[in-house]
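Colleague: What follows is a single structure, and I will ask about it in a moment.
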Amino acid sequence: MIPTQCVIFDLDGTLLDSDAALVQPFLELGMAPEDITFGHPVEEFCANHGIDVIEYVNRYDTDAALPFVGVDELVARLGRWAICSNKHPVSGVAELARLGWMPERSAFSDTFEGRSKDLGPVLHQLGLVAADVAFVGDTAHDQACAQRVGCRFVWAGWNPRTRASAPTGDVAAEPMDVMRLLGLG
């Protein structure tokens, strides 16, 4: 097996416990809780529900989402790591700055022109191929993203929502399990 050179993470629901923060602006803008789902490009989801994405971003509290327990330790121990997220760049960049996290690359919804995230541009920016990376995420959308480029996928099993979905394959029960699963230390 080729060693993993870089770990790429989804942000919301993977590194950040952000479900409540993501939902709150939708509730304020009149959406019913049962209509809110996770893992979609924010621009697409807002458009599909008649919500102005700028209004959503303006209401999103970039201080509300906290890292899952153990995530700070994980990212501090990684050499190369990156972000690939459907999050709006205004929110994503603000959260990374607040947390003092400095991934090698951060790809947000603007990278994908409002379409679903794609690891291809991230791999290109990193100068790597699929065999060099692993993608860590919390949704079936994330797993499909990894499958499209042919890289290894690890479930963020520390997210209770992910754990409840009974994922199969590589599941990291705790953030530091990523290191063990990928042979990084």
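Colleague: In this structure, does residue 114 turn out to be modelled with pLDDT under 95, of a type in the set (Gly, Ala, Ser) and more than 17 Å from residue 39 (Cα to Cα)? Can you show your working first?
Modeller: Working: modelled with pLDDT under 95: yes; of a type in the set (Gly, Ala, Ser): yes; more than 17 Å from residue 39 (Cα to Cα): no.
Criteria not met by residue 114.
Colleague: Give the residues of the stretch 24-35 that are loosely packed, with under 15 Cβ neighbours inside 10 Å and either touching a Ser or Thr at 6+ places or on another chain (Cβ under 9 Å) or among the hydrophobic types (A, V, I, L, M, F, W, C) (or both), sorted by residue number.
Modeller: 27, 32
Colleague: Out of all the residues in the stretch 6-23, which are surrounded by fewer than 17 Cβ atoms within 10 Å (Cβ to Cβ) and in contact (Cβ under 8 Å) with a residue 40 or more places away in the chain?
Modeller: Narrowing the stretch 6-23 to residues surrounded by fewer than 17 Cβ atoms within 10 Å (Cβ to Cβ): 20, 23.
The answer is 20, and nothing else.
Colleague: Right, next: In the stretch 155-185, what residues are modelled with pLDDT of 95 or more and under 16 Å from residue 85 (Cβ atoms)?
Modeller: If the condition is that a residue be modelled with pLDDT of 95 or more and under 16 Å from residue 85 (Cβ atoms), then 156, 159 are the ones that fit.
Colleague: May I ask you to verify whether residue 130 is buried (at least 21 other Cβ atoms within 10 Å of the Cβ), in contact with a Lys or Arg (Cβ under 9 Å, 6 or more places away or on another chain) and aliphatic (A, V, I, L, M)? Steps first, answer last, please.
Modeller: Details: buried (at least 21 other Cβ atoms within 10 Å of the Cβ): no; in contact with a Lys or Arg (Cβ under 9 Å, 6 or more places away or on another chain): yes; aliphatic (A, V, I, L, M): yes.
Judged against the criteria, residue 130 is not a match.
Colleague: Residues being small (Gly, Ala, Ser) and part of a loop (DSSP other than H, G, I, E, B): count how many of those fall in the stretch 1-23. Even if it seems obvious, please write down each step before you answer.
Modeller: Initially, the stretch 1-23 is screened for residues small (Gly, Ala, Ser), giving 13, 18, 20-21.
Subset that is part of a loop (DSSP other than H, G, I, E, B): 13, 18.
Qualifying residue count for the region: 2.
Colleague: Before we move on, is residue 147 in contact with a strand residue (DSSP E or B) (Cβ under 9 Å, 6 or more places away or on another chain), surrounded by fewer than 17 Cβ atoms within 10 Å (Cβ to Cβ) and farther than 19 Å from residue 92 by Cβ? Spell out the reasoning first.
Modeller: Working: in contact with a strand residue (DSSP E or B) (Cβ under 9 Å, 6 or more places away or on another chain): yes; surrounded by fewer than 17 Cβ atoms within 10 Å (Cβ to Cβ): yes; farther than 19 Å from residue 92 by Cβ: yes.
So residue 147 fits the description; yes.
Colleague: Of the conditions (1) in a loop (DSSP other than H, G, I, E, B); (2) without any contact (Cβ under 8 Å) to a residue 24 or more places away in the chain; (3) assigned by TED's automatic domain parsing to the domain that holds residue 155, residue 37 fails just one. Which one is it?
Modeller: With respect to (1) in a loop (DSSP other than H, G, I, E, B); (2) without any contact (Cβ under 8 Å) to a residue 24 or more places away in the chain; (3) assigned by TED's automatic domain parsing to the domain that holds residue 155, residue 37 is out only on (3).
Colleague: Those residues that are among the polar types (S, T, N, Q) and over 15 Å from residue 142 (Cβ atoms), I need them from the stretch 9-43; list them, please. Even if it seems obvious, please write down each step before you answer.
Modeller: Filtering the stretch 9-43 down to residues among the polar types (S, T, N, Q) leaves 14, 18, 24, 37.
The one that is among the polar types (S, T, N, Q) and over 15 Å from residue 142 (Cβ atoms): 24.
Colleague: Looking at 136, 171, which is the one that is hydrophobic (A, V, I, L, M, F, W, C), touching a residue at least 24 places away in the same chain (Cβ under 8 Å) and either crowded, with 19+ Cβ neighbours inside 10 Å or not in a loop (DSSP other than H, G, I, E, B) (or both)? If you could, list the steps in order and put the result at the bottom.
Modeller: Numbers: 171 fails: touching a residue at least 24 places away in the same chain (Cβ under 8 Å).
Exactly one of 136, 171 is hydrophobic (A, V, I, L, M, F, W, C), touching a residue at least 24 places away in the same chain (Cβ under 8 Å) and either crowded, with 19+ Cβ neighbours inside 10 Å or not in a loop (DSSP other than H, G, I, E, B) (or both), namely 136.
The values are calculated or read from the model by the stated rules, or taken from the named source; none is laboratory data. Only a predicted model underlies this, so the values are computations on that prediction, with no experimental measurement involved. Using ideal geometry, Cβ is built from the backbone for each residue, glycine included, and neighbour counts are taken over all protein chains shown.
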